[in-house]
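Have a look at this one before I ask anything.
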Amino acid sequence: MEAGQVEAAQKTGKCPMGHGSASLAGVSMTDPQVMAAPGPFYQALRKDSPVHYDAKLNMWLVSRYDDIVTVLRDPLTYSDKHGYAAQYASGFFEEFKQILERDGGGFFPDVIKDDPPAHTRVRRLMDKAFTAHRVATLEPQITALVNKLIDQLVAKAGDGQVVDGVNDFAIPLTIAVICEQLGFGQLSADKVKAWSQAVTAQIGRMQNREQMLANAAQICDLQNFIIAEMRAREAQPREDMVSDLVHAQTEDGKLEFGEAVSLVRAMIIAGNDTTASAIGNLIYVLATQPEVAKTLQESVDDDRLLNRFVEELLRIEPPVRALAKMTTKEVELGGQKLPEHAHVMVLYASGNDDETQFECPRNFDLNRTNLGKHVAFGVGVHRCIGASLSRMEIKVVAREVVRRLGDIKLAIPVDQITYAPTVAVRTIERLPITFTRRG
Amino acid sequence: MGVKVTFVQADGVEKTFDDVATGQSLMEVGRFNNVEGIMGDCGGSCACATCHVYVTPEWQAAVGPADDIEVATLDMVSDLFKSNSRLCCQIQLREELNGIRVVVAPSL
Ligand code: HEM
Ligand code: FES
């Protein structure tokens, strides 16, 4: 859209791309229609009930940007640790824990999800792993991986097979990148996907007992794998992140073995679904919104614009829609009194869509002057460790896809696109596409 | 021997720290001494722009310019950007910066 048009739209108080507000009566965030297209629901929340009790989830949904930042900047009042513990394997916790102790080497709480000061102690070990400067040195490696996968897509399409932008591309790519960083030989995408889904399901509140048992078995398998890799490096250090963690010293002494297991597990899980979702979203947007595809084509040779493109993509389609925290005392938030031990759901996706912060939030606008304000990576002490790495992956994909593939289209009707049934991450499950070859 | 650093917060309050150890970043000094507006969310990895400061003119030469990667992160907060903007996690304290004075940028 032309700058003049944007101004005109703002003056009349109307944005060309709105969600339209929905009614909140009897509606839950977990309803399938809301899960598939949450925008109108978020907008209604922000307008009518900014700190809203969702009875089905038994959680308070926080939807306005300012309230989200208030929550995330006060990690002792809105605790990750308590929120996580209460949420984890919800309803089956004891049984789940016993299974992990018996078959999975132990039950290892996520130290990275602890509260300060315990969190600060381990977080400092992780902060230097993926600095923007270190990630910049990985660009050639990541570009090579991306092109290898594009070669495979092209070959598959050349054979007349349907190509899946998520399962044939986004997921194997993010797995390959993180395996390389951690120092694992390449793991099968199916395996990592199964592990990730099992771990993510524990905080998604949507599993029954049978699913819990299947997920627990997957998590045991994951932990046994991690423990074997760590033991090998205890004997013989290597130049990789797992080795760094095995031999890491915190300021107060050594990182415990179980803590290191939980950190490696977090690195495998946290970076995959999220970055793969972002890449899936990128391809989806290119296939369905020609004007965004055009914007990307025009930005592809300009590093500054390309960085802005990635950031705006993360703002407009954030992979993480919501995560839970728990109040450690009675507190007032956005005019609503919350009791102690209230479950609070932070709606990152709604924060990024808040019209009081982002003008015409549904417009894909590279020229925003406050792009860095979006909350797709969180805010505060728990802000994402992998932000620079995932930005780089998305950027390289955006650049190489535009250079090599043209005319990307969905191979199924848009209403057949489904999202993984978890509240935490909004992931396209299958993305059949067609394209033409450029180079 | 430590160095002296001064932050001027957005509310005008000045916070001066004498005898700060070199070898750490300016962000670390601000964050661990509760200077308002120095959050340092990403722990100094140049990824969040929550440690944005304006270097006072007399210190600009000694501090030096931002590199390309830092400029890219600063571009995400272009509404707050000025020619003397720096992300202070990228400013390592050293002897020559003894007395440095920076103004904290408004919060995001
Ligand atoms: C586009 C991709 C990604 C998105 C959208 C994303 C988003 C997030 C969000 C929203 C948080 C939580 C902040 C909070 O608690 O409020 C987070 C934390 C975290 N992320 Fe990411 N992430 C992505 C990629 C990655 C990657 C690639 C890695 C690993 C290399 C990673 C590792 C982590 C870890 C370990 C945490 C926990 C940090 C802590 O609690 O201190 N993430 N991420
Ligand atoms: S602390 Fe994040 S950019 Fe400086």
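Since every read-out is calculated from the coordinates, none of them should be taken as a lab result. Source: prediction; values computed, not measured. Cβ: placed from backbone, ideal geometry, glycine included. Neighbour counts: every protein chain shown.
In nm, to one decimal, how far is the B:ASN98 label point from the A:SER23 one, both placed 7 Å along Cα→Cβ?
According to this spin-label approximation, the distance is 7.3 nm.
Step by step: find N for segment B:3-104, compute 2.2 N^0.38 Å, then divide the Cα radius of gyration by it. What's the final number? All intermediate terms of the calculation are to be shown ahead of the outcome.
Numbers: Rg = 12.2 Å, N = 102, 2.2 N^0.38 = 12.8 Å.
Ratio of Rg to 2.2 N^0.38 Å for segment B:3-104: 0.95.
Near B:ALA66, within a Cβ-to-Cβ distance under 13 Å, what is the net charge of the other residues, with Lys and Arg +1 and Asp and Glu -1? Let's see the in-between values first.
Numbers: positive: B:LYS82, B:ARG86; negative: B:ASP67, B:ASP68, B:GLU70, B:ASP75.
Computed value for this residue: -2.
Return the unpartnered cysteines for chain A, using a Cβ-Cβ cut-off of under 4.7 Å.
Lacking a cysteine Cβ partner under 4.7 Å: A:CYS179, A:CYS220, A:CYS384.
Going by how many other Cβ atoms sit within 10 Å of their own, how do A:LEU24, B:LEU93, A:LEU173 line up, fewest first?
Lowest to highest Cβ neighbour count: A:LEU24, B:LEU93, A:LEU173.
Ok, one more. Taking Cα centroids, how far is segment A:272-288 from segment B:28-98 in Å?
Each part's Cα centre sits 32 Å from the other's.
Considering only the other residues whose Cβ falls under 14 Å of the Cβ of A:LYS97, what net charge follows from Lys and Arg at +1 and Asp and Glu at -1?
-4
So who's got an amide H within less than 5 Å of the one on A:LEU333, skipping anything under 5 residues away but keeping other chains? H placed 1.01 Å off N, in plane.
Those lying under 5 Å, H to H, from A:LEU333 are A:LEU338.
Taking every residue in B:72-80, how many Cβ atoms of other protein chains lie within 10 Å of its Cβ, on average?
Other-chain Cβ atoms within 10 Å of each residue's Cβ, averaged: 6.
What order, most packed first, do the peptides A:355-362, A:267-274 have when packing is the mean number of other Cβ atoms within 10 Å of each residue?
Descending packing order for the listed peptides: A:267-274, A:355-362.
Of A:LYS97/A:LYS325; A:LYS193/A:LYS294; A:LYS113/A:LYS193; A:LYS373/A:LYS395; A:LYS191/A:LYS373; A:LYS156/A:LYS193, which pairs sit farther than 24 Å apart, going by alpha carbon to alpha carbon?
A:LYS193/A:LYS294; A:LYS191/A:LYS373
Roughly how many Å is it from the Cα centre of segment A:333-385 to that of segment A:396-415, as a whole number?
Answer, in whole Å: 28.
Right, here's the next one. For segment A:164-173, just list the computed ³J(HN,Hα) in residue order, Karplus coefficients 6.51, -1.76 and 1.60, θ = phi - 60°, integers in Hz, with x standing in for Gly and Pro.
Running phi through 6.51 cos²θ - 1.76 cosθ + 1.60 with θ = phi - 60° gives 10, x, 8, 7, 8, 9, 4, 5, x, 5 Hz.
Kindly write out, for segment A:270-285 in residue order, the coupling ³J(HN,Hα) from the Karplus curve 6.51 cos²θ - 1.76 cosθ + 1.60 (θ = phi - 60°), rounded to whole Hz, with x marking Gly and Pro.
Karplus-based 3J(HN,Hα) across segment A:270-285 equals 4, x, 8, 4, 5, 5, 4, 4, 4, 6, x, 4, 4, 5, 4, 5 Hz.
Averaged over peptide A:133-142, how many Cβ atoms belonging to another chain are found within 10 Å of each residue's Cβ? Each step should come with its number before you reach the end.
Working: counts 8, 2, 4, 5, 0, 0, 0, 0, 0, 0.
What the average comes to for A:133-142 is 2.
Given R₀ = 51 Å, what would the calculated FRET efficiency be for A:ALA235 paired with A:THR143, taking r from the Cβ atoms and rounding to 0.05?
0.90
Counting only residues 5 or more places away or on other chains, whose amide H sits under 5 Å from the amide H of A:ASP115 once H atoms are built in the peptide plane?
Here the answer is A:LYS81, since their amide H atoms fall under 5 Å of that of A:ASP115.
Mind checking A:384-392 for the average number of partner chain beta-carbons within 10 Å of each residue's beta-carbon?
Per residue, the number of nearby Cβ atoms from other chains is 3 on average.
First select every other residue whose beta carbon is under 15 angstrom from the beta carbon of B:GLN9; then total the charges, Lys and Arg +1, Asp and Glu -1.
0
Another question, if that's okay. If packing is taken as the mean number of other Cβ atoms within 10 Å per residue, what is the order of B:17-23, A:100-106, A:48-54, highest first?
A:48-54, A:100-106, B:17-23
Here's a follow-up. For Cα pairs less than 8 Å apart in space and 6+ apart in sequence, what is the mean separation divided by the residue count of segment B:3-104, i.e. the relative contact order in percent?
The value is 42 percent.
For every helix of n ≥ 4 consecutive DSSP H residues, a contribution of -39,500 (n - 2.57) applies; sum these over chain B, divide by its total residues, and give [θ] at 222 nm rounded to the nearest 500 deg cm²/dmol.
-5000 deg cm²/dmol
Which three numbers, in whole Å and largest first, are the semi-axes of the equivalent ellipsoid of the protein assembly as shown derived from its Cα gyration tensor as √(5λ)?
33, 30, 27
Under a 5 Å amide H to amide H cut-off, with H placed in plane at 1.01 Å, what residues pair with A:GLY406 once short-range neighbours are removed?
The list, which skips near neighbours in sequence, is A:THR436, A:ARG437, A:ARG438.
Related question: So what are the ³J(HN,Hα) numbers for segment A:337-350, from phi and the Karplus equation (6.51, -1.76, 1.60; θ = phi - 60°), rounded to whole Hz, Gly and Pro as x?
7, 10, x, 5, 6, 6, 7, 10, 9, 8, 8, 3, 4, 6
Indicate, rounded to the nearest 5 percent, the antiparallel portion of the DSSP beta bridges found entirely in the protein assembly as shown. Let's see the in-between values first.
Values: 35 of 42 bridges.
Of the beta bridges lying entirely in the protein assembly as shown, close to 85 percent run antiparallel.
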